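The values are calculated or read from the model by the stated rules, or taken from the named source; none is laboratory data. All of these numbers come straight from a predicted model, not from anything done at the bench. For neighbour counting, all protein chains shown are included, and Cβ atoms are generated from backbone atoms with ideal geometry for every residue, glycine included. Areas reflect the complete protein model, heavy atoms only, side chains present, ligands, DNA and RNA absent. Shrake-Rupley method; radii C 1.70, N 1.55, O 1.52, S 1.80 Å.
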Amino acid sequence: MRRSRFVDAATTGLLALLCSLGAGAVRAAAPDPGANEVSVAWLRDGRVEMRTLTQGASAPNATPNATPTVPLGSLWKLFVYAYLADTQAQESAYVCAANAATQPGEERYCCDPGQSVARDSALARSCAPYFEPRRLALSAAAWRAHWQARSKVAWLLDLPRLQPETEVELGELLQALAAISPGARGAARQALLETALQGYGREAWTRLGTGLRYKTYSWHSRDGSALGGAAGWLADGTPFWFGARGSSRTALTNWATPLAKALPAPRWVEAERGGADATCVDVDFFARYPLRAVLRGSEATPAKAGTLSGPHRLQFANGNWLSITPQGELNLTQESGTPPSITARLGLNNYVARVIDREGHAQSPQAARALAIAARSYLLQNAHFEGGCWHIADASATQRVSPNPPSDAALAAAWFTDEVILQGSPVHYHLESAGANRLAWRDALSRAAQGWDFERILQASYPQATLAALSGRLECARLNAAESWLADNAARWQRKLRAEPGFEPPSSAVRICALADGHPYADQQRLRIYVRGWRSLDERVTLAHEYLHLALRFHPNGANEDYVERLARRLMEN
(Lines give C-alpha, C1' and ligand atoms only; values in the text may rest on other atoms or scores of the structure.)
Protein backbone atom coordinates (compact mmCIF):
# COMPACT_ATOMS: atom_id res chain seq x y z
CA MET A 1 0.00 0.00 0.00
CA ARG A 2 1.37 3.40 -0.93
CA ARG A 3 0.70 6.50 1.15
CA SER A 4 0.45 10.21 0.48
CA ARG A 5 -0.35 13.06 2.87
CA PHE A 6 -3.31 15.27 2.12
CA VAL A 7 -2.24 17.75 -0.56
CA ASP A 8 -3.96 20.66 -2.25
CA ALA A 9 -5.25 20.33 -5.82
CA ALA A 10 -3.02 20.75 -8.90
CA THR A 11 -1.68 18.27 -11.60
CA THR A 12 1.17 16.25 -13.28
CA GLY A 13 2.56 16.35 -16.75
CA LEU A 14 1.75 15.41 -20.30
CA LEU A 15 3.03 16.14 -23.84
CA ALA A 16 2.84 17.82 -27.22
CA LEU A 17 -0.09 17.87 -29.70
CA LEU A 18 -2.72 15.56 -31.15
CA CYS A 19 -5.09 15.42 -34.06
CA SER A 20 -7.99 13.59 -35.63
CA LEU A 21 -7.22 10.76 -38.03
CA GLY A 22 -9.09 10.84 -41.30
CA ALA A 23 -8.83 9.36 -44.76
CA GLY A 24 -6.14 11.12 -46.70
CA ALA A 25 -4.98 13.09 -43.65
CA VAL A 26 -1.71 14.94 -44.15
CA ARG A 27 1.27 14.16 -42.00
CA ALA A 28 2.24 17.27 -40.04
CA ALA A 29 5.44 18.28 -38.34
CA ALA A 30 5.78 17.89 -34.60
CA PRO A 31 3.39 20.36 -32.98
CA ASP A 32 4.72 23.43 -31.22
CA PRO A 33 2.17 24.47 -28.59
CA GLY A 34 2.27 28.09 -27.55
CA ALA A 35 3.01 29.17 -24.02
CA ASN A 36 -0.69 29.69 -23.26
CA GLU A 37 -2.15 26.62 -24.92
CA VAL A 38 -1.94 22.85 -24.85
CA SER A 39 -3.48 20.01 -26.78
CA VAL A 40 -5.22 16.82 -25.72
CA ALA A 41 -6.31 13.89 -27.87
CA TRP A 42 -7.92 10.50 -27.43
CA LEU A 43 -8.88 7.48 -29.51
CA ARG A 44 -12.44 6.18 -29.30
CA ASP A 45 -14.51 4.08 -31.70
CA GLY A 46 -11.59 4.04 -34.16
CA ARG A 47 -11.38 7.83 -34.38
CA VAL A 48 -8.83 10.24 -32.94
CA GLU A 49 -10.32 13.37 -31.39
CA MET A 50 -8.16 16.39 -30.59
CA ARG A 51 -8.79 19.58 -28.66
CA THR A 52 -6.71 22.71 -28.09
CA LEU A 53 -6.95 24.23 -24.62
CA THR A 54 -6.25 27.94 -24.17
CA GLN A 55 -5.82 29.77 -20.87
CA GLY A 56 -8.90 31.84 -20.13
CA ALA A 57 -11.03 30.25 -22.85
CA SER A 58 -14.46 29.01 -21.83
CA ALA A 59 -14.25 25.85 -23.93
CA PRO A 60 -11.62 23.85 -25.88
CA ASN A 61 -11.37 24.23 -29.66
CA ALA A 62 -11.57 21.29 -32.04
CA THR A 63 -8.41 20.86 -34.14
CA PRO A 64 -8.48 20.29 -37.95
CA ASN A 65 -7.62 16.85 -39.28
CA ALA A 66 -3.92 16.09 -39.29
CA THR A 67 -1.49 13.46 -38.04
CA PRO A 68 1.29 15.46 -36.34
CA THR A 69 4.45 13.74 -35.22
CA VAL A 70 5.69 13.91 -31.66
CA PRO A 71 8.76 12.55 -29.85
CA LEU A 72 8.10 9.26 -28.08
CA GLY A 73 9.81 10.45 -24.91
CA SER A 74 9.52 8.20 -21.86
CA LEU A 75 6.49 6.40 -23.24
CA TRP A 76 8.76 3.70 -24.66
CA LYS A 77 9.01 2.32 -21.11
CA LEU A 78 5.27 1.72 -21.05
CA PHE A 79 5.50 -0.65 -24.03
CA VAL A 80 8.42 -2.57 -22.50
CA TYR A 81 6.43 -2.86 -19.27
CA ALA A 82 3.43 -4.25 -21.19
CA TYR A 83 5.65 -6.76 -23.00
CA LEU A 84 7.11 -8.00 -19.70
CA ALA A 85 3.63 -8.34 -18.22
CA ASP A 86 2.23 -10.20 -21.24
CA THR A 87 5.15 -12.63 -21.44
CA GLN A 88 5.11 -13.31 -17.69
CA ALA A 89 8.76 -12.31 -17.44
CA GLN A 90 10.61 -12.87 -14.17
CA GLU A 91 13.33 -10.27 -14.55
CA SER A 92 15.54 -9.21 -11.67
CA ALA A 93 15.11 -5.92 -9.85
CA TYR A 94 17.38 -3.03 -10.82
CA VAL A 95 20.06 -2.15 -8.25
CA CYS A 96 21.26 1.45 -8.14
CA ALA A 97 24.94 2.25 -7.76
CA ALA A 98 26.03 2.13 -4.13
CA ASN A 99 28.17 5.26 -4.40
CA ALA A 100 26.01 8.37 -4.74
CA ALA A 101 28.91 10.34 -6.20
CA THR A 102 29.19 7.92 -9.14
CA GLN A 103 25.47 7.21 -9.51
CA PRO A 104 24.53 7.72 -13.18
CA GLY A 105 22.14 10.60 -13.89
CA GLU A 106 19.23 8.40 -14.93
CA GLU A 107 19.41 6.45 -11.68
CA ARG A 108 18.25 9.43 -9.66
CA TYR A 109 14.74 8.57 -10.90
CA CYS A 110 15.08 4.92 -9.88
CA CYS A 111 16.17 4.44 -6.28
CA ASP A 112 18.55 5.58 -3.57
CA PRO A 113 22.22 4.55 -3.86
CA GLY A 114 22.60 0.86 -3.08
CA GLN A 115 18.85 0.24 -3.12
CA SER A 116 16.80 -1.63 -5.71
CA VAL A 117 13.58 -0.98 -7.60
CA ALA A 118 11.01 -3.48 -8.92
CA ARG A 119 8.97 -3.29 -12.12
CA ASP A 120 5.88 -1.39 -10.94
CA SER A 121 7.79 1.32 -9.10
CA ALA A 122 10.27 1.56 -11.96
CA LEU A 123 7.41 2.46 -14.30
CA ALA A 124 5.88 4.97 -11.91
CA ARG A 125 9.28 6.61 -11.31
CA SER A 126 10.22 6.48 -15.01
CA CYS A 127 13.40 4.50 -14.33
CA ALA A 128 15.01 4.15 -17.77
CA PRO A 129 17.84 1.75 -16.76
CA TYR A 130 15.29 -0.78 -15.52
CA PHE A 131 13.57 -1.08 -18.91
CA GLU A 132 16.72 -1.01 -21.02
CA PRO A 133 16.25 -3.85 -23.57
CA ARG A 134 19.87 -4.98 -23.23
CA ARG A 135 19.54 -5.35 -19.45
CA LEU A 136 16.40 -7.41 -19.96
CA ALA A 137 17.97 -9.43 -22.80
CA LEU A 138 14.96 -8.78 -25.02
CA SER A 139 14.93 -10.50 -28.39
CA ALA A 140 14.08 -8.22 -31.32
CA ALA A 141 12.45 -11.15 -33.13
CA ALA A 142 10.32 -12.17 -30.15
CA TRP A 143 9.39 -8.52 -29.62
CA ARG A 144 8.25 -8.17 -33.23
CA ALA A 145 6.22 -11.38 -33.11
CA HIS A 146 4.51 -10.32 -29.90
CA TRP A 147 3.41 -6.89 -31.11
CA GLN A 148 2.71 -7.98 -34.68
CA ALA A 149 -0.14 -10.10 -33.32
CA ARG A 150 -1.65 -7.00 -31.71
CA SER A 151 -0.82 -3.97 -33.82
CA LYS A 152 0.12 -2.82 -37.31
CA VAL A 153 2.05 0.22 -36.05
CA ALA A 154 5.46 -0.16 -37.72
CA TRP A 155 7.65 1.62 -35.18
CA LEU A 156 6.21 -0.48 -32.34
CA LEU A 157 7.41 -3.67 -34.05
CA ASP A 158 10.99 -2.41 -34.31
CA LEU A 159 12.66 -2.75 -30.90
CA PRO A 160 15.72 -0.58 -31.76
CA ARG A 161 13.37 2.33 -32.60
CA LEU A 162 12.06 2.42 -29.04
CA GLN A 163 14.05 5.55 -28.17
CA PRO A 164 12.84 8.80 -26.55
CA GLU A 165 13.91 10.85 -29.59
CA THR A 166 11.94 8.70 -32.05
CA GLU A 167 9.19 10.79 -33.62
CA VAL A 168 5.90 8.99 -34.16
CA GLU A 169 2.54 9.92 -35.59
CA LEU A 170 0.11 10.89 -32.89
CA GLY A 171 -2.67 8.67 -34.15
CA GLU A 172 -0.30 5.70 -34.28
CA LEU A 173 0.80 6.39 -30.70
CA LEU A 174 -2.81 6.21 -29.53
CA GLN A 175 -3.36 3.06 -31.59
CA ALA A 176 -0.29 1.52 -29.95
CA LEU A 177 -1.67 2.34 -26.49
CA ALA A 178 -4.97 0.77 -27.49
CA ALA A 179 -3.12 -2.39 -28.60
CA ILE A 180 -1.79 -3.07 -25.10
CA SER A 181 -3.65 -6.09 -23.74
CA PRO A 182 -6.27 -5.64 -21.01
CA GLY A 183 -4.13 -7.64 -18.60
CA ALA A 184 -1.01 -5.54 -19.17
CA ARG A 185 -3.08 -2.36 -19.09
CA GLY A 186 -4.56 -3.39 -15.75
CA ALA A 187 -1.10 -4.03 -14.33
CA ALA A 188 0.12 -0.68 -15.64
CA ARG A 189 -2.92 1.07 -14.14
CA GLN A 190 -2.01 -0.27 -10.71
CA ALA A 191 1.64 0.71 -11.09
CA LEU A 192 0.81 4.22 -12.32
CA LEU A 193 -1.40 5.01 -9.34
CA GLU A 194 1.86 5.88 -7.60
CA THR A 195 2.42 8.60 -10.21
CA ALA A 196 -0.84 10.33 -9.29
CA LEU A 197 -0.55 10.15 -5.51
CA GLN A 198 3.20 10.38 -4.96
CA GLY A 199 4.81 11.26 -8.28
CA TYR A 200 4.57 14.23 -10.59
CA GLY A 201 0.78 14.03 -10.47
CA ARG A 202 0.46 14.58 -6.72
CA GLU A 203 -0.25 18.30 -7.18
CA ALA A 204 -2.98 17.60 -9.73
CA TRP A 205 -4.75 14.48 -8.62
CA THR A 206 -7.66 16.19 -6.84
CA ARG A 207 -8.62 17.75 -10.17
CA LEU A 208 -7.86 14.78 -12.44
CA GLY A 209 -8.80 11.97 -10.08
CA THR A 210 -7.41 8.45 -10.16
CA GLY A 211 -9.84 6.87 -12.60
CA LEU A 212 -7.50 7.86 -15.40
CA ARG A 213 -3.91 6.62 -15.23
CA TYR A 214 -0.99 8.02 -17.16
CA LYS A 215 2.76 7.76 -17.74
CA THR A 216 4.46 11.17 -17.63
CA TYR A 217 7.50 12.35 -19.55
CA SER A 218 9.51 15.45 -20.34
CA TRP A 219 11.40 15.90 -23.61
CA HIS A 220 12.11 18.64 -26.11
CA SER A 221 10.92 19.80 -29.51
CA ARG A 222 13.14 20.18 -32.58
CA ASP A 223 14.08 23.74 -31.61
CA GLY A 224 15.22 22.54 -28.19
CA SER A 225 12.30 23.97 -26.21
CA ALA A 226 10.95 21.81 -23.40
CA LEU A 227 7.83 19.69 -23.85
CA GLY A 228 6.01 18.14 -20.94
CA GLY A 229 3.39 15.47 -21.24
CA ALA A 230 1.90 12.10 -20.48
CA ALA A 231 -0.29 9.43 -21.99
CA GLY A 232 -2.47 6.68 -20.62
CA TRP A 233 -6.05 5.52 -20.38
CA LEU A 234 -9.38 6.63 -19.05
CA ALA A 235 -11.13 4.18 -16.73
CA ASP A 236 -12.85 2.47 -19.68
CA GLY A 237 -9.57 1.90 -21.55
CA THR A 238 -9.83 4.92 -23.88
CA PRO A 239 -6.21 5.96 -24.66
CA PHE A 240 -5.40 9.67 -24.37
CA TRP A 241 -2.42 12.00 -24.70
CA PHE A 242 -1.74 15.55 -23.56
CA GLY A 243 1.12 17.97 -24.16
CA ALA A 244 2.33 21.45 -23.30
CA ARG A 245 5.47 23.54 -23.11
CA GLY A 246 7.61 22.99 -20.04
CA SER A 247 8.13 19.89 -17.91
CA SER A 248 5.53 17.22 -17.32
CA ARG A 249 5.06 18.42 -13.76
CA THR A 250 4.40 22.05 -14.69
CA ALA A 251 2.14 21.00 -17.55
CA LEU A 252 -0.07 18.98 -15.22
CA THR A 253 0.02 21.54 -12.45
CA ASN A 254 -1.04 24.37 -14.76
CA TRP A 255 -3.53 22.52 -16.94
CA ALA A 256 -5.25 19.90 -14.77
CA THR A 257 -8.59 21.68 -14.51
CA PRO A 258 -9.11 22.39 -18.24
CA LEU A 259 -7.75 18.93 -19.09
CA ALA A 260 -10.31 17.28 -16.81
CA LYS A 261 -13.07 19.22 -18.54
CA ALA A 262 -11.82 18.44 -22.05
CA LEU A 263 -11.48 14.66 -21.73
CA PRO A 264 -14.56 12.61 -22.64
CA ALA A 265 -16.61 10.96 -19.93
CA PRO A 266 -15.64 7.30 -19.48
CA ARG A 267 -18.14 4.61 -20.33
CA TRP A 268 -18.72 2.95 -16.97
CA VAL A 269 -20.06 -0.34 -18.30
CA GLU A 270 -16.94 -0.77 -20.44
CA ALA A 271 -14.76 0.12 -17.45
CA GLU A 272 -16.26 -2.77 -15.47
CA ARG A 273 -16.18 -5.21 -18.38
CA GLY A 274 -12.59 -4.27 -19.16
CA GLY A 275 -11.43 -5.33 -15.71
CA ALA A 276 -10.53 -1.87 -14.37
CA ASP A 277 -12.81 -2.60 -11.38
CA ALA A 278 -11.29 -5.99 -10.56
CA THR A 279 -11.89 -5.89 -6.79
CA CYS A 280 -15.25 -7.48 -5.97
CA VAL A 281 -17.75 -7.09 -3.13
CA ASP A 282 -20.36 -9.68 -2.11
CA VAL A 283 -23.41 -7.98 -0.61
CA ASP A 284 -26.19 -9.50 1.48
CA PHE A 285 -29.11 -7.17 0.76
CA PHE A 286 -31.73 -6.25 3.37
CA ALA A 287 -29.81 -8.13 6.05
CA ARG A 288 -31.87 -6.70 8.91
CA TYR A 289 -35.21 -6.58 7.13
CA PRO A 290 -36.40 -10.10 6.22
CA LEU A 291 -38.25 -10.51 2.95
CA ARG A 292 -41.64 -12.17 2.69
CA ALA A 293 -41.96 -12.31 -1.10
CA VAL A 294 -40.32 -11.14 -4.35
CA LEU A 295 -42.77 -10.45 -7.17
CA ARG A 296 -42.16 -9.82 -10.87
CA GLY A 297 -43.10 -6.37 -12.17
CA SER A 298 -46.52 -5.13 -11.08
CA GLU A 299 -47.88 -8.68 -11.12
CA ALA A 300 -48.51 -10.82 -8.11
CA THR A 301 -46.46 -13.62 -9.67
CA PRO A 302 -43.62 -14.81 -7.45
CA ALA A 303 -40.18 -14.37 -9.00
CA LYS A 304 -38.16 -17.48 -9.72
CA ALA A 305 -34.93 -18.17 -7.90
CA GLY A 306 -31.85 -17.00 -9.78
CA THR A 307 -30.86 -13.79 -11.53
CA LEU A 308 -33.21 -10.82 -11.22
CA SER A 309 -33.58 -8.46 -14.17
CA GLY A 310 -36.22 -5.81 -14.84
CA PRO A 311 -38.94 -4.40 -12.55
CA HIS A 312 -39.65 -6.33 -9.33
CA ARG A 313 -41.56 -5.62 -6.13
CA LEU A 314 -40.25 -6.69 -2.74
CA GLN A 315 -42.55 -7.39 0.19
CA PHE A 316 -40.92 -7.31 3.60
CA ALA A 317 -41.98 -9.23 6.70
CA ASN A 318 -42.89 -5.93 8.40
CA GLY A 319 -45.44 -5.18 5.66
CA ASN A 320 -43.43 -2.59 3.72
CA TRP A 321 -42.99 -2.71 -0.07
CA LEU A 322 -40.09 -1.64 -2.32
CA SER A 323 -39.86 -1.46 -6.11
CA ILE A 324 -36.50 -2.22 -7.72
CA THR A 325 -35.18 -2.53 -11.28
CA PRO A 326 -32.07 -4.72 -11.26
CA GLN A 327 -30.10 -5.41 -14.43
CA GLY A 328 -28.99 -8.96 -13.79
CA GLU A 329 -26.62 -8.24 -10.91
CA LEU A 330 -28.95 -9.41 -8.10
CA ASN A 331 -29.50 -13.07 -7.27
CA LEU A 332 -32.59 -14.42 -5.53
CA THR A 333 -32.37 -17.51 -3.32
CA GLN A 334 -35.55 -19.27 -2.20
CA GLU A 335 -35.43 -22.40 -0.10
CA SER A 336 -38.35 -24.19 1.46
CA GLY A 337 -39.00 -23.11 5.02
CA THR A 338 -36.79 -19.99 4.89
CA PRO A 339 -37.50 -16.40 3.78
CA PRO A 340 -36.21 -15.39 0.34
CA SER A 341 -32.85 -13.62 0.26
CA ILE A 342 -31.10 -11.40 -2.27
CA THR A 343 -27.33 -11.19 -2.80
CA ALA A 344 -25.05 -9.62 -5.39
CA ARG A 345 -21.41 -9.65 -6.44
CA LEU A 346 -20.47 -6.12 -7.46
CA GLY A 347 -17.33 -4.37 -8.63
CA LEU A 348 -15.89 -2.18 -5.88
CA ASN A 349 -16.70 1.11 -7.61
CA ASN A 350 -20.19 -0.09 -8.47
CA TYR A 351 -20.66 -0.92 -4.79
CA VAL A 352 -19.32 2.47 -3.67
CA ALA A 353 -21.60 4.28 -6.12
CA ARG A 354 -24.63 2.42 -4.74
CA VAL A 355 -23.63 3.48 -1.22
CA ILE A 356 -23.46 7.12 -2.38
CA ASP A 357 -26.96 6.86 -3.85
CA ARG A 358 -28.31 5.23 -0.67
CA GLU A 359 -26.45 7.10 2.09
CA GLY A 360 -26.21 10.49 0.37
CA HIS A 361 -26.46 11.66 -3.23
CA ALA A 362 -24.16 12.77 -6.05
CA GLN A 363 -25.62 16.21 -6.79
CA SER A 364 -22.58 17.78 -5.09
CA PRO A 365 -19.51 16.22 -6.80
CA GLN A 366 -17.01 17.20 -4.08
CA ALA A 367 -19.19 15.90 -1.24
CA ALA A 368 -19.89 12.71 -3.22
CA ARG A 369 -16.16 12.14 -3.78
CA ALA A 370 -15.53 12.54 -0.04
CA LEU A 371 -18.29 10.03 0.72
CA ALA A 372 -16.88 7.65 -1.90
CA ILE A 373 -13.51 7.52 -0.15
CA ALA A 374 -15.16 7.19 3.26
CA ALA A 375 -17.44 4.38 2.07
CA ARG A 376 -14.57 2.50 0.41
CA SER A 377 -12.46 2.88 3.55
CA TYR A 378 -15.31 1.72 5.79
CA LEU A 379 -15.74 -1.39 3.66
CA LEU A 380 -12.08 -2.37 3.97
CA GLN A 381 -12.09 -1.75 7.72
CA ASN A 382 -15.27 -3.70 8.46
CA ALA A 383 -15.93 -6.28 5.75
CA HIS A 384 -14.58 -9.84 5.64
CA PHE A 385 -12.30 -10.88 2.82
CA GLU A 386 -13.17 -14.42 1.76
CA GLY A 387 -13.18 -16.37 -1.46
CA GLY A 388 -11.38 -13.57 -3.29
CA CYS A 389 -14.00 -10.87 -2.52
CA TRP A 390 -14.97 -8.51 0.27
CA HIS A 391 -18.20 -9.61 2.00
CA ILE A 392 -20.53 -7.20 3.80
CA ALA A 393 -24.20 -6.88 4.73
CA ASP A 394 -26.46 -4.11 3.49
CA ALA A 395 -27.72 -2.69 6.78
CA SER A 396 -27.88 0.53 8.79
CA ALA A 397 -25.40 -1.07 11.19
CA THR A 398 -22.84 -1.22 8.37
CA GLN A 399 -23.45 0.62 5.09
CA ARG A 400 -26.72 0.81 3.22
CA VAL A 401 -26.45 -0.15 -0.43
CA SER A 402 -28.94 0.69 -3.17
CA PRO A 403 -30.41 -2.43 -4.80
CA ASN A 404 -30.94 -0.41 -8.00
CA PRO A 405 -28.20 0.27 -10.56
CA PRO A 406 -26.13 3.31 -9.51
CA SER A 407 -26.63 6.74 -11.03
CA ASP A 408 -24.07 8.03 -13.53
CA ALA A 409 -23.14 10.86 -11.15
CA ALA A 410 -22.47 8.41 -8.30
CA LEU A 411 -20.39 6.21 -10.62
CA ALA A 412 -18.40 9.28 -11.66
CA ALA A 413 -17.63 10.08 -7.99
CA ALA A 414 -16.61 6.48 -7.27
CA TRP A 415 -14.37 6.21 -10.33
CA PHE A 416 -12.87 9.68 -9.77
CA THR A 417 -11.51 8.37 -6.44
CA ASP A 418 -10.69 4.90 -7.80
CA GLU A 419 -8.56 2.84 -5.36
CA VAL A 420 -8.13 5.71 -2.87
CA ILE A 421 -8.83 5.02 0.81
CA LEU A 422 -8.19 6.58 4.23
CA GLN A 423 -5.69 4.93 6.51
CA GLY A 424 -4.54 5.66 10.04
CA SER A 425 -7.87 6.13 11.83
CA PRO A 426 -11.29 4.46 12.01
CA VAL A 427 -13.75 5.77 9.45
CA HIS A 428 -17.39 6.49 10.23
CA TYR A 429 -20.01 8.86 8.84
CA HIS A 430 -23.52 10.03 9.68
CA LEU A 431 -26.27 12.07 8.08
CA GLU A 432 -25.94 15.07 10.40
CA SER A 433 -23.97 14.21 13.54
CA ALA A 434 -20.24 14.95 13.28
CA GLY A 435 -17.69 13.55 15.72
CA ALA A 436 -14.20 12.16 16.11
CA ASN A 437 -13.32 10.38 12.85
CA ARG A 438 -16.91 10.78 11.68
CA LEU A 439 -17.95 12.72 8.61
CA ALA A 440 -21.36 14.41 8.76
CA TRP A 441 -22.98 14.35 5.32
CA ARG A 442 -24.68 17.71 5.89
CA ASP A 443 -21.33 19.27 6.82
CA ALA A 444 -19.79 17.80 3.66
CA LEU A 445 -22.53 19.37 1.55
CA SER A 446 -22.14 22.73 3.28
CA ARG A 447 -18.36 22.77 2.89
CA ALA A 448 -18.57 21.73 -0.76
CA ALA A 449 -20.97 24.64 -1.34
CA GLN A 450 -18.33 26.95 0.17
CA GLY A 451 -15.76 25.76 -2.38
CA TRP A 452 -13.98 23.05 -0.40
CA ASP A 453 -12.67 20.14 -2.44
CA PHE A 454 -13.19 16.56 -1.30
CA GLU A 455 -9.70 16.21 0.13
CA ARG A 456 -10.14 19.20 2.40
CA ILE A 457 -13.54 17.90 3.49
CA LEU A 458 -11.96 14.57 4.45
CA GLN A 459 -9.10 16.27 6.28
CA ALA A 460 -11.56 18.15 8.49
CA SER A 461 -13.41 14.94 9.40
CA TYR A 462 -10.42 12.58 9.71
CA PRO A 463 -7.47 14.79 10.79
CA GLN A 464 -5.24 11.84 11.75
CA ALA A 465 -5.82 9.88 8.55
CA THR A 466 -3.66 9.69 5.47
CA LEU A 467 -4.69 8.95 1.94
CA ALA A 468 -3.54 5.57 0.70
CA ALA A 469 -3.75 3.69 -2.56
CA LEU A 470 -5.67 0.44 -2.59
CA SER A 471 -4.14 -1.71 -5.27
CA GLY A 472 -4.09 -5.48 -5.39
CA ARG A 473 -1.54 -5.27 -2.60
CA LEU A 474 -4.02 -4.59 0.17
CA GLU A 475 -5.96 -7.79 -0.27
CA CYS A 476 -2.93 -9.50 -1.87
CA ALA A 477 0.38 -9.26 -0.03
CA ARG A 478 2.45 -10.83 -2.80
CA LEU A 479 4.90 -13.65 -2.13
CA ASN A 480 7.32 -12.86 -4.95
CA ALA A 481 9.72 -15.72 -4.23
CA ALA A 482 6.83 -18.18 -4.22
CA GLU A 483 5.63 -16.81 -7.56
CA SER A 484 9.09 -17.41 -9.06
CA TRP A 485 9.19 -20.94 -7.63
CA LEU A 486 5.74 -21.73 -9.03
CA ALA A 487 6.55 -20.27 -12.47
CA ASP A 488 9.66 -22.46 -12.73
CA ASN A 489 7.90 -25.62 -11.60
CA ALA A 490 4.67 -25.03 -13.52
CA ALA A 491 6.65 -25.01 -16.77
CA ARG A 492 7.98 -28.48 -15.86
CA TRP A 493 4.61 -29.76 -14.63
CA GLN A 494 2.81 -28.75 -17.81
CA ARG A 495 4.59 -31.42 -19.82
CA LYS A 496 2.89 -34.04 -17.62
CA LEU A 497 -0.41 -32.24 -17.22
CA ARG A 498 -1.07 -31.97 -20.94
CA ALA A 499 -2.21 -35.59 -20.84
CA GLU A 500 -4.96 -34.66 -18.37
CA PRO A 501 -8.35 -34.00 -20.06
CA GLY A 502 -9.43 -30.39 -19.70
CA PHE A 503 -5.98 -29.13 -18.74
CA GLU A 504 -5.49 -25.48 -19.68
CA PRO A 505 -2.59 -23.49 -18.21
CA PRO A 506 -3.50 -20.09 -16.73
CA SER A 507 -3.63 -17.40 -19.41
CA SER A 508 -1.44 -14.96 -17.44
CA ALA A 509 0.96 -14.97 -14.51
CA VAL A 510 -0.48 -16.40 -11.29
CA ARG A 511 -0.18 -14.15 -8.26
CA ILE A 512 0.48 -15.76 -4.90
CA CYS A 513 -0.86 -13.90 -1.89
CA ALA A 514 -0.11 -14.30 1.80
CA LEU A 515 -3.09 -15.75 3.69
CA ALA A 516 -3.60 -14.38 7.19
CA ASP A 517 -6.27 -16.87 8.26
CA GLY A 518 -8.65 -19.46 6.87
CA HIS A 519 -7.94 -22.29 4.45
CA PRO A 520 -5.73 -21.89 1.33
CA TYR A 521 -7.73 -21.37 -1.85
CA ALA A 522 -7.44 -20.43 -5.52
CA ASP A 523 -9.30 -17.40 -6.94
CA GLN A 524 -10.05 -18.52 -10.52
CA GLN A 525 -11.48 -15.17 -11.59
CA ARG A 526 -8.31 -13.21 -10.82
CA LEU A 527 -5.75 -16.06 -11.10
CA ARG A 528 -4.57 -15.75 -7.51
CA ILE A 529 -3.54 -18.34 -4.97
CA TYR A 530 -3.82 -17.56 -1.25
CA VAL A 531 -1.47 -19.59 0.99
CA ARG A 532 0.32 -19.13 4.31
CA GLY A 533 3.74 -20.12 3.05
CA TRP A 534 5.67 -22.09 0.45
CA ARG A 535 9.05 -23.13 1.87
CA SER A 536 8.23 -26.46 3.55
CA LEU A 537 7.30 -29.58 1.57
CA ASP A 538 3.72 -29.54 2.86
CA GLU A 539 3.35 -25.88 1.94
CA ARG A 540 4.64 -26.54 -1.56
CA VAL A 541 2.24 -29.43 -1.99
CA THR A 542 -0.54 -27.05 -0.97
CA LEU A 543 0.69 -24.49 -3.50
CA ALA A 544 0.77 -27.15 -6.24
CA HIS A 545 -2.71 -28.26 -5.16
CA GLU A 546 -4.18 -24.77 -5.56
CA TYR A 547 -2.36 -24.27 -8.87
CA LEU A 548 -4.06 -27.43 -10.14
CA HIS A 549 -7.44 -25.96 -9.25
CA LEU A 550 -6.61 -23.13 -11.69
CA ALA A 551 -5.09 -25.30 -14.41
CA LEU A 552 -7.77 -28.01 -14.21
CA ARG A 553 -10.80 -25.75 -13.91
CA PHE A 554 -12.19 -27.42 -17.07
CA HIS A 555 -11.22 -30.95 -15.94
CA PRO A 556 -14.07 -33.33 -15.07
CA ASN A 557 -12.45 -33.85 -11.65
CA GLY A 558 -11.07 -30.33 -11.28
CA ALA A 559 -13.13 -29.70 -8.13
CA ASN A 560 -12.45 -33.16 -6.66
CA GLU A 561 -10.18 -32.44 -3.68
CA ASP A 562 -8.94 -36.02 -3.34
CA TYR A 563 -8.02 -36.28 -7.02
CA VAL A 564 -6.28 -32.89 -7.02
CA GLU A 565 -4.36 -33.71 -3.84
CA ARG A 566 -3.07 -37.03 -5.22
CA LEU A 567 -2.00 -35.35 -8.46
CA ALA A 568 -0.25 -32.53 -6.57
CA ARG A 569 1.77 -35.04 -4.55
CA ARG A 570 2.77 -36.92 -7.71
CA LEU A 571 4.02 -33.67 -9.23
CA MET A 572 6.11 -32.95 -6.14
CA GLU A 573 7.68 -36.40 -6.18
CA ASN A 574 9.42 -35.72 -9.51
Sequence-distant aspartates and glutamates (8 or more away, or on other chains) whose Cα lies within less than 12 Å of K152
E172
Mind jotting down the three principal axis lengths of region 521-574 based on Cα atoms? Whole angstrom, largest first.
28, 23, 16
Segment Q381-Y109, extension gain: residue separation times 0.36 nm, minus the distance between their alpha carbons:
94.5 nm
So how much slack lies between S116 and A293, counting 0.36 nm per residue of separation and subtracting their Cα-Cα distance, in nm?
57.7 nm
Please report, as a whole percent, how much of the solvent-accessible surface of the chain comes from carbon and sulfur atoms (probe radius 1.4 Å).
48 percent
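How large is the Kirkwood hydrodynamic radius of region 233-376, in angstrom, based on all distinct alpha carbon pairs?
About 18.3 Å, per the Kirkwood formula over Cα pairs.
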Contact order normalised by residue count of the chain, Cα under 8 Å, 6+ apart, percent
13 percent
21 Å Cα-Cα reach of K261 towards lysines, excluding residues that sit fewer than 8 places from it in its own chain
K215
Counting heavy atoms of the protein chains only and a 1.4 Å probe, report the per residue accessible area for the chain as a whole number of Å².
43 Å²
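According to the Kirkwood expression over distinct Cα-Cα pairs, how big is the hydrodynamic radius of the chain, in Å? Let's see the in-between values first.
Working: mean 1/r = 0.0389 Å⁻¹.
Taking every pair of different Cα atoms in the chain, averaging 1/r and inverting gives 25.7 Å.
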Ordering of 333-345, 183-195 by packing [mean C-beta count within 10 Å, highest first]:
183-195, 333-345
The Cα radius of gyration of region 443-574, divided by 2.2 N^0.38 Å with N its residue count, comes to 1.51
Under a straight-distance cross-link criterion of Cα-Cα below 13 Å, which aspartates and glutamates are reachable from K304, leaving out those fewer than 8 residues away in the same chain?
E335
Please state, rounded to one decimal and in Å, the Kirkwood hydrodynamic radius that region 345-465 gives when every pair of distinct Cα atoms enters the mean of 1/r.
14.0 Å
Suppose we take every Cα in region 295-400 and form the convex hull; what volume per residue is that in Å³?
136 Å³
Given a 1.4 Å probe and heavy atoms of the protein chains only, how would you sort R400, R358, R442, largest accessible area at the top?
R442, R358, R400
